[in-house]
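Enquirer: One structure, pasted below without further comment.
The values are calculated or read from the model by the stated rules, or taken from the named source; none is laboratory data. Keep in mind the model is a prediction, meaning the values are calculated, not measured. FYI the Cβ positions are ideal-geometry reconstructions off the backbone, even for glycines, and counts take in every protein chain you see. The protein model used for the area step is the full one, side chains on, heavy atoms only, and it has no ligands, DNA or RNA in it. Shrake-Rupley method; radii C 1.70, N 1.55, O 1.52, S 1.80 Å.
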Amino acid sequence: MVRHVLLRRKILLSLLAVGIALVILVLRPPALNFAISEVTPTSQPLAGRATPTADDRPVTSTPSTDETSTTPTIHPSVTALPTLAAPTATFIPTIVVTPEIVPTPTPRSADTPFRVGLQAGHWKIAEQPEELKRLRTSTGASVGDRSEAEVNLDIARRVATLLQQVGMVVDVLPATVPPDYDADAFVSIHADGSKNTSARGFKLATPWRTSSASQHLSDALEIEYAEATGLPRDSRITANMRLYYAFNYERYEHTIAKTTPAVIFEIGFLTNTSDRAMINNYAENIAIGIANGIIRYYNEYDPNNGAALLPQEFPLQRPLTNEPLDIHAAPSNDARTIASMAADSRLIPLQENDDWYEVVIQEEWHIIGWVRKDQVTVTIETPTPPPANDP
Ligand SMILES: [Zn+2]
């Protein structure tokens, strides 16, 4: 009798467990990664990544005769990935939009294709509107017979071709951004120049006030670009990049929307032999790295997380005491001191990291660094938006 009762209880418990498991299975939220077929009518799976054509695919050799001992290694590791239709360098005129085009409204519905804005840095710079007219002569770096704008446009068009193959809607934008331009990702493509010809590598910067979506986009691009090109990272992010005019929606009309995830991308140095060889000879790899980064972001981001699109904002700060305040290169007491700010200075916090704020010193826009939160206090004044910069 006791055994029967125990047995029956055991059976009941088992049935209960099975029931709970079934309920969990039914109620389980859908997986985050979804196929592109839900977004567009294309049959290409978005999880696939761009792969160079056989002709464009570089071998693992160094592309140049660099005078330094560091030889760039090109990893054709994109070949191991699922293959898309062969990318073509043919320019598709329909992807070029002019500033007159009406920006996409926000928020978009779930069945709207993922939209990407690719800005070819300095392209048609002379057409900057009145509010940005002081940038009309900002033609960027140039080496030999190739201008930076020409390089940037070539890369932007290649990336556009790749992204269109996976069903994304792409706008190739000139230096002038349509007012309040709204997209799911905005990447401004630039190439660096320096008097120091050994300076090399690529770098990315998010807007001065960064959303977690912008940071995510930047991280995804960094991983895929390093893999597709083998180019080294350059850690010297400049204030000019963070304060890029196209991000400065607080001061200008011809900028991205506040909620558009954005990155400014310096693809390498035109003034460095190795970087230039990579950019000139393996442009398709450069483009694949950028396209794969955007696709990685697409595959990882949560379209329902609207909060991720909002940049953090903090009140204006001033030093707590009358002592000059140290600005550090990183959020650590041990980090290098990059500036000392006077007690009457004002600080605009850009982001926080535990006990630290990343700040820009108002009116000294070239200085971006970190201060301890317990060394500053809120001040009731309106921060001045930064000036327009174009690296
Ligand atoms: Zn540039």
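Enquirer: With every protein chain left in place, what is the accessible area per residue of segment 214-277 in square angstrom, probe 1.4 Å?
Expert: Dividing the accessible area of segment 214-277 by its residue count gives 29 Å².
Enquirer: Next question. Answer rounded, prolate or oblate for segment 317-378, using the Cα gyration tensor with square roots of eigenvalues a ≥ b ≥ c: rounded when a/c is under 1.5, else prolate when a/b is larger than b/c, else oblate.
Expert: rounded
Enquirer: Now for a different question. Could you please state how large a percent of the accessible area of segment 317-378 is carbon and sulfur, counting protein chains only and using a 1.4 Å probe?
Expert: Carbon and sulfur atoms account for 39 percent of the accessible area of segment 317-378.
Enquirer: GLU381: net charge of surrounding residues, Cβ under 13 Å, Lys/Arg +1, Asp/Glu -1, itself excluded?
Expert: Combined, the nearby Lys, Arg, Asp and Glu give 0.
Enquirer: Name the shape class, rounded, prolate or oblate, that the alpha-carbon gyration tensor gives for segment 254-391, where a ≥ b ≥ c are the square roots of its eigenvalues, rounded holds for a/c under 1.5, and otherwise prolate holds if a/b is larger than b/c and oblate otherwise.
Expert: It comes out prolate by the Cα gyration axes.
Enquirer: Can you list the residues, at least 5 places off or on another chain, whose amide H is less than 5 Å from the amide H of GLY268, using H built in the peptide plane?
Expert: Amide H neighbours of GLY268: ASP192, LYS203.
Enquirer: Same structure, new question: What is the local net charge at ALA339, summed over the other residues whose Cβ is closer than 9 Å to its Cβ (Lys, Arg +1; Asp, Glu -1)?
Expert: -2
Enquirer: Over segment 317-378, what is the relative contact order in percent, taking alpha-carbon pairs closer than 8 angstrom and at least six residues apart?
Expert: 37
Enquirer: If the reach is capped at under 12 angstrom between alpha carbons, list the aspartates and glutamates near LYS124, excluding any in the same chain fewer than eight residues apart.
Expert: Leaving aside aspartates and glutamates fewer than 8 places away in the same chain, those within reach of LYS124 are GLU148, GLU150.
Enquirer: Please work out whether segment 130-238 counts as rounded, prolate or oblate from its C-alpha gyration tensor, where a ≥ b ≥ c are the square roots of the eigenvalues and a/c under 1.5 means rounded, while otherwise a/b larger than b/c means prolate and anything else oblate?
Expert: It comes out rounded by the Cα gyration axes.
Enquirer: Whole number in Å², please: accessible area per residue of segment 317-378, 1.4 Å probe, ligands, DNA and RNA not counted.
Expert: Each residue of segment 317-378 exposes 52 Å² on average to a 1.4 Å probe.
Enquirer: Computing the accessible area with a 1.4 Å probe over protein heavy atoms, can you report the carbon and sulfur percentage for segment 114-193?
Expert: Answer for segment 114-193: carbon and sulfur cover 47 percent of the accessible area.
Enquirer: Across segment 367-383, in residue order, what do the Karplus-derived ³J(HN,Hα) couplings come to in whole Hz, using 6.51 cos²θ - 1.76 cosθ + 1.60 with θ = phi - 60° and x for Gly and Pro?
Expert: Here the 3J(HN,Hα) series is 9, 10, x, 10, 10, 6, 4, 7, 9, 10, 8, 5, 10, 8, 9, 8, x Hz.
Enquirer: Using amide H atoms built in the peptide plane, which far-off residues or other-chain residues are under 5 Å from LEU320 H to H?
Expert: Those qualifying (amide H under 5 Å, at least 5 residues apart or on another chain) are VAL376, THR377.
Enquirer: Would you list which lysines come within 23 Å of LYS258, measuring only between C-alpha atoms, while excluding same-chain residues fewer than 8 positions from it?
Expert: LYS133, LYS203
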